[in-house]
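Written below as structure tokens is the structure these notes are about.
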Amino acid sequence: MPNVRNLTPGRRLVGRAVTVRFVPFRADVEALKPGGEESPEYAAFEEAGPGDVIVMESMRDKRMSIGGDVKFLRLKQRGIEGLICDGGVRDMHVVKDYGPAFFGLDNTSNLGTTYGFPFETNGTIAVDGVLVQPGDYLHADDDGVIVIPRTVAADIAKKAIEYDEIEEWIRARLDTENLSPGKYYPPDDETIAEFRKWKTENSS
């Protein structure tokens, strides 16, 4: 998601997607959607909990304010990991202390109610041009946001854990041997095989 940034710098987010789609304002269409506690964003909040992240398609425009301190108190209450959107977020001076991580285009002072509205929960969405389906996994930190399809999430997680271990091993080797990074990095098949042999020999 090239334009989405961390609105809670230093905070990291990993979770399963519960999705919400916003659409441009049109009075006759808004009148057809559920209101109050049944409104699509609130329905998503009640479905989500620990291990989940709210992901909102919000028209790639920070003028589409997806909420502020009152609305997002519920994320804190539900133990939701965080929220990712391609719109704007209000009241970050308060929201940042709630606990969940927030990612969006920017802060905003705009009220989004005349610009667009939440229309659908748990459909396939596009956030900053990236497709997200309910149950996909998202990883977000200060470097950016990535989507991991739910069908391959377990395999990707296993590979990512090993790759992190490989990088730690490479850093230690380079520091000990006082060598150029090019000796081991990026790791090729030979380097990976050497790491796996080392790990096997040093496993307790």
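Considered as a group, the residues in segment 17-36 that are of a type in the set (A, V, I, L, M, F, W, C) and within 16 Å of residue 60 (Cβ to Cβ) include one that is surrounded by the fewest Cβ atoms within 10 Å (Cβ to Cβ), and that residue is 25. Report the residue count in segment 111-136 for those that are outside any strand (DSSP E or B) and either within 19 Å of residue 30 (Cα to Cα) or small (Gly, Ala, Ser) (or both). Total meeting the criteria: 9. Note on segment 42-59: among residues that are of a type in the set (D, E, K, R) and surrounded by 17 or more Cβ atoms within 10 Å (Cβ to Cβ), the one that is farthest from residue 123 (Cα to Cα) is 52. If the condition is being assigned to a helix (DSSP H, G or I) and either touching a residue at least 40 places away in the same chain (Cβ under 8 Å) or exposed (fewer than 10 other Cβ atoms within 10 Å of the Cβ) (or both), then segment 166-191 contributes 175, 176, 182, 189, 190.
On the basis of being crowded, with 22+ Cβ neighbours inside 10 Å and either among the hydroxyl-bearing types (Ser, Thr, Tyr) or without any contact (Cβ under 8 Å) to a residue 24 or more places away in the chain (or both), does residue 39 make the cut? No: the conditions fail for residue 39. Based on what the data block shows, is residue 180 at pLDDT below 95, of a type in the set (S, T, N, Q) and assigned by TED's automatic domain parsing to the domain that holds residue 24? So residue 180 fails the test.
Checking every residue in segment 183-204 against the condition of being of a type in the set (Asp, Glu) and closer than 26 Å to residue 12 by Cα gives zero matches.
Hey, any hits in segment 92-101 for a residue that's surrounded by 14 or more Cβ atoms within 10 Å (Cβ to Cβ) and within 12 Å of the chain's Cα centre (by Cα)? Yes, the conditions are met somewhere in segment 92-101.
Could you check, for segment 105-127, whether at least one of its residues is more than 20 Å from residue 39 (Cβ to Cβ), modelled with pLDDT of 95 or more, buried (at least 21 other Cβ atoms within 10 Å of the Cβ) and within 17 Å of the chain's Cα centre (by Cα)? Looking through segment 105-127, at least one residue is more than 20 Å from residue 39 (Cβ to Cβ), modelled with pLDDT of 95 or more, buried (at least 21 other Cβ atoms within 10 Å of the Cβ) and within 17 Å of the chain's Cα centre (by Cα).
The values are calculated or read from the model by the stated rules, or taken from the named source; none is laboratory data. Values in this document were obtained by computation on a predicted structure and should not be read as measured data. Cβ atoms come from the backbone with ideal geometry, glycine included; neighbour counts cover every protein chain shown.
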